[in-house]
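Colleague: First, the structure itself, so that you have it in front of you.
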Amino acid sequence: MTSSELWSRATADRYDAEEAEASSAAVLGPTLAFLAELAGDGRALEFAIGTGRVGVPLRERGVPVVGIELSEHMAAVLRRKIDEDSLPVVIGDMATTVVPGRFTLVYLVYNTITNLLTQDEQVECFRNAARHLEPGGRFVIELGVPPLRLLPPGQVAVPFDVSQQHLGFDTFDLVEQMLVSHHFTRDGDDGRYRRENSRHRYAWPAELDLMARIAGLERERRVADWDGSPFTQDSSKHVSVWRKPA
């Protein structure tokens, strides 16, 4: 069982259109190059592969990819793009689901570890990654840094997007280390907005390092983005790499 919220068919069907910018060559190019270099001549396993935004083009680069995905609806969208023999997908949660074989790379992108709503499950996600890795293999996570420095006393909301088609803001429960991401998206030309929200458990970089140690992994690298830019105290996100000892 998992605490992750299950993505619906409606959400899956519009996901690619709403994430078109994140699927552009400009955004994906550095991501794919980073992951392909770490995978080397081995196989890659993507936790929460979704509609294949990253997994499908990584496979097209020649890296054998296997996916784990909780939502059958998201996996169905992926399956329209590529067949099961070319990119196998197992339906299940990323904290406990096991697939056959070993991998040189396990990766989890786009803040998705926060879909696991308890610290215990996030620790199990690291353990599951370690379980699938070959000795010397790497686990990679892309995750935003919690923007709590933007919260003045008494405020619990931080906007992350204010545009013509979309209004987005996060509200924080600082005691439980939880956030709710609120989205107001304009559909059509009638001026109406569709409202959606999702819950997440945010985690700090140092907290992830401790989870990695519990799983027997060692931090190898942390950068601010897929282009390898340095991670600093002002970075809004990080791409972190942990290695399974040989």
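The values are calculated or read from the model by the stated rules, or taken from the named source; none is laboratory data. These figures come from a predicted structure and were not determined experimentally. Methodologically, a virtual Cβ is constructed for each residue, glycine included, from the backbone with ideal geometry; neighbour enumeration extends over all protein chains shown. SASA here: full protein model, heavy atoms, side chains in, ligands and nucleic acids out. Shrake-Rupley method; radii C 1.70, N 1.55, O 1.52, S 1.80 Å.
Colleague: With label points built 7 Å along Cα→Cβ from the Cα atoms of residue 19 and residue 234, find their separation and express it in nm.
Modeller: Going by the 7 Å Cα→Cβ label model, 3.0 nm.
Colleague: Moving on. Under 1.5 on a/c is rounded, so check that first for region 135-199, then, if it is not, pick prolate when a/b is larger than b/c and oblate when it is not; a ≥ b ≥ c are the square roots of the alpha carbon gyration tensor eigenvalues.
Modeller: Details: a/c = 2.63, a/b = 1.41, b/c = 1.86.
Cα axes put region 135-199 in the oblate bin.
Colleague: Charges on Cβ only, +1 for Lys and Arg, -1 for Asp and Glu, centred on the Cα centroid of the chain; of 178, 125, 158, which one is farthest towards the dipole's positive end?
Modeller: 125
Colleague: Please work out whether region 74-146 counts as rounded, prolate or oblate from its C-alpha gyration tensor, where a ≥ b ≥ c are the square roots of the eigenvalues and a/c under 1.5 means rounded, while otherwise a/b larger than b/c means prolate and anything else oblate? Please list the in-between numbers first.
Modeller: Values: a/c = 1.74, a/b = 1.25, b/c = 1.39.
Judged from the Cα gyration tensor, region 74-146 comes out oblate (a/c at least 1.5, b/c at or above a/b).
Colleague: Something else now. State the answer as a single residue: which of 101, 56, 26 lies farthest towards the positive end of the charge dipole of the chain, with beta carbon charges of +1 for Lys and Arg and -1 for Asp and Glu, about the Cα centre.
Modeller: Ranked along the dipole, the leading option is 101.
Colleague: What's the magnitude of the charge dipole for region 8-51 around its Cα centre, counting Lys and Arg as +1 and Asp and Glu as -1 at the beta-carbon? Answer in Debye, nearest 20.
Modeller: On the way: 3 positive and 8 negative charges, 26 e Å.
With Lys and Arg at +1 and Asp and Glu at -1, about 120 debye.
Colleague: From the protein chains alone at 1.4 Å, what is the descending order of accessible area for 94, 178, largest first?
Modeller: On the way: 94 15, 178 35 Å².
In descending accessible area the options line up as 178, 94.
Colleague: Now for a different question. With +1 on the Cβ of every Lys and Arg and -1 on the Cβ of every Asp and Glu, and nothing else charged, how large is the dipole of the chain about its Cα centre, in debye rounded to the nearest 20?
Modeller: Numbers: 27 positive and 36 negative charges, 86 e Å.
Computed about the Cα centre, the dipole is about 420 debye.
Colleague: Estimate the FRET efficiency between residue 111 and residue 192 by the formula 1/(1 + (r/R0)^6), using the beta-carbon distance for r and 35 Å for R0, to the nearest 0.05. Show your work: numbers first, answer last.
Modeller: Working: r = 28 Å, r/R0 = 0.79.
It comes to 0.80.
Colleague: Let me ask you something else. Summing -39500 (n - 2.57) over the DSSP H runs of n ≥ 4 in the chain and dividing by its residue number, what mean residue ellipticity at 222 nm do you reach, to the nearest 500 deg cm²/dmol? Working shown, then result.
Modeller: Working: 6 runs with 63 residues, N = 246.
That comes out to -7500 deg cm²/dmol.
Colleague: Heavy atoms of the protein only, probe of 1.4 Å, neighbouring chains included. What is the accessible area of residue 85 in Å², nearest 10?
Modeller: 140
Colleague: Please calculate the 1.4 Å probe accessible area of residue 204, with all protein chains present, and give it to the nearest 10 Å².
Modeller: Counting only protein heavy atoms, the figure is 90 Å².
Colleague: Okay, next question. Using a 1.4 Å probe on the protein heavy atoms only, what accessible surface does residue 91 show? Give it in Å² to the nearest 10.
Modeller: For residue 91, solvent-accessible area is about 80 Å².
Colleague: To continue, here is another question. So what is the accessible area of the chain per residue, in Å², with the probe set to 1.4 Å? Before the final figure, lay out the partial values.
Modeller: Working: 12260 Å² over 246 residues.
For the chain, the per-residue accessible area is 50 Å².
Colleague: I'd like the Karplus ³J(HN,Hα) series for region 171-178: coefficients 6.51, -1.76, 1.60, θ = phi - 60°, whole numbers in Hz, and an x wherever there's a Gly or Pro.
Modeller: My calculation for region 171-178 gives 10, 10, 9, 6, 6, 8, 6, 10 Hz in order.
Colleague: With Rg and the Kirkwood Rh both taken from Cα atoms, where does Rg over Rh land for region 1-92? Don't jump to the answer; show the numbers that get you there.
Modeller: Numbers: Rg = 13.0 Å, Rh = 13.5 Å.
My calculation puts Rg/Rh at 0.96.
Colleague: Follow-up question, since we're still on this one. Quick check on packing: order 179-187, 42-50, 232-240 by the mean number of other C-beta atoms within 10 Å, highest mean leading.
Modeller: 42-50, 179-187, 232-240
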